[in-house]
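Below is one structure, written out as structure tokens; comments come after it.
What follows draws every value from the coordinates through simple rules; no lab data is involved. These figures come from a predicted structure and were not determined experimentally. Neighbour counts run over all protein chains shown; Cβ positions are idealised from the backbone, glycine included.
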Amino acid sequence: MYKPKSFVLFGLAAAFLTGAPVFAQADGKAPAKSDAKAPAKAIDKTSVKAEAPAKAPVKAPAAKPDAKAAAKPAAKAPAKSAMKAGATLKGDTFLKFAKTYPKPHNIYKEIKTEPKCAQKWSKPAVPTEQVRTTKMDPPNEHERLLRNVIVYVSGGLDKKEFKPPAEFVELDQDGCIYRPHVLTLQVGQTLRILNNDPVLHNINAQPAKNPPFNVGQPRKGMKKDISFKKPEIFKVKCDVHKWMNGWVGVFDHPFRAVSNEKGAFEIKDLPPGNYEITAWHEVFGKLTKKVTVKPGDNELDFTFEVPASSGS
């Protein structure tokens with residue numbers, strides 16, 4: 001703490017009245033010459049207070065780093081605003097049909113052959129995930145919302161490189177089905193395959209651009225971590241349980257999403273610009289659109305159609 005000059009003058013006056021050799025302190029000889037305890041104490045007090053003004057110059061410059069520190073948040077502000085400038089692309093995926101919509105097949109009969117998996121299901125109804133739709137509100141007799149659609153940026157990123165996230169993406173085998181049925185991750189990111197069933201599962205995948213793998217997991221709680229070097233979408237299946245299958249989408253960027261049970265998707269932090277956006281479904285194939293993404297929220301919908309030859 002800074003000491004006013006009056007404290008110093010008071011100390012010098014006290015030393016003078018006690019008969020202490022005030023000016024001998026500069027040579028550091030005063031303590032050696034003084035035998036009396038009282039003068040020695042007066043000299044010590046005077047020396048402490050005499051040093052106080054020397055502390056002031058030390059602490060005065062300390063205010064400068066504080067001023068710089070206060071200025072640092074202002075310097076970081078542009079970086080934060082740049083991150084907020086990222087746009088959001090969101091929308092819905094639909095399935096259009098002429099007569100009736102494709103209804104999922106109940107695979108509970110198959111699952112029942114594995115009793116330890118069947119007991120995880122409270123109702124004897126386990127729909128397949130290949131074509132899952134939800135009724136619109138208000139209802140449309142020729143159109144429903146479609147889930148499990150991968151929507152991703154397929155053009156316009158100019159070969160930019162993106163660091164893969166540190167967190168893993170999990171593919172769970174639970175109740176003798178894959179959860180989720182469709183997932184995405186980034187090149188270099190970890191896919192963790194987990195067996196949550198007390199039965200044997202194997203994960204058989206035959207990617208076209210990445211090394212194939214076939215992993216056996218005979219016990220509950222077993223895990224296997226895998227990563228991929230090239231972007232592609234490929235199928236995974238279990239050879240032990242023929243009804244088990246799912247899809248993995250690997251991308252070299254973070255701008256992708258999977259439509260949920262309401263057919264909705266959302267891609268966040270996409271820099272404004274012109275892009276090609278693709279929607280992929282395991283049964284109905286691909287749809288591609290061109291879009292100009294502006295700052296803020298942008299909307300884009302995709303509508304797949306059931307082929308007329310299917311009779312639906």
inquiry  = Can you compute the FRET efficiency between residue 168 and residue 119 using 1/(1 + (r/R0)^6), with r the Cβ-Cβ distance and R0 = 35 Å? Round to the nearest 0.05.
reply    = 0.75
ask   = Roughly what would the spin-label model give for residue 214 and residue 308, points 7 Å off Cα along C-beta, in nm?
value = 4.3 nm
inquiry  = Taking 0.36 nm per residue of sequence separation and subtracting the Cα-Cα distance, how much length would be gained by fully extending the chain between residue 299 and residue 105, in nm to one decimal?
reply    = 66.6 nm
query = Expressed in whole Å with the largest first, what are the equivalent ellipsoid semi-axes of region 87-310 derived from the C-alpha gyration tensor as the square root of 5 times each eigenvalue?
reply = 30, 25, 14
ask   = Going down the table (135/220; 160/289; 99/290; 159/268; 116/223), which pairs top 26 Å between alpha carbons?
value = 135/220; 99/290
request  = Starting from the Cα of residue 262, draw a straight line to each of the aspartates and glutamates and keep only those under 15 Å, dropping any in the same chain fewer than 8 residues away.
outcome  = 92, 129, 137, 143, 301
inquiry  = Suppose R0 equals 25 Å. What FRET efficiency, 1/(1 + (r/R0)^6) with r the Cβ-Cβ distance, do residue 96 and residue 276 give to the nearest 0.05?
reply    = 0.65
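Between residue 224 and residue 192, what length comes free when the chain is fully extended (0.36 nm per residue of separation minus the Cα-Cα distance, one decimal in nm)?
Numbers: separation 32, 0.36 × 32 = 11.52 nm, distance 0.56 nm.
Length gained between residue 224 and residue 192: 11.0 nm.
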message = Under 5 Å between amide hydrogens, which residues at least 5 positions from residue 233 or on another chain qualify, with H placed 1.01 Å from N in the peptide plane?
response = 250
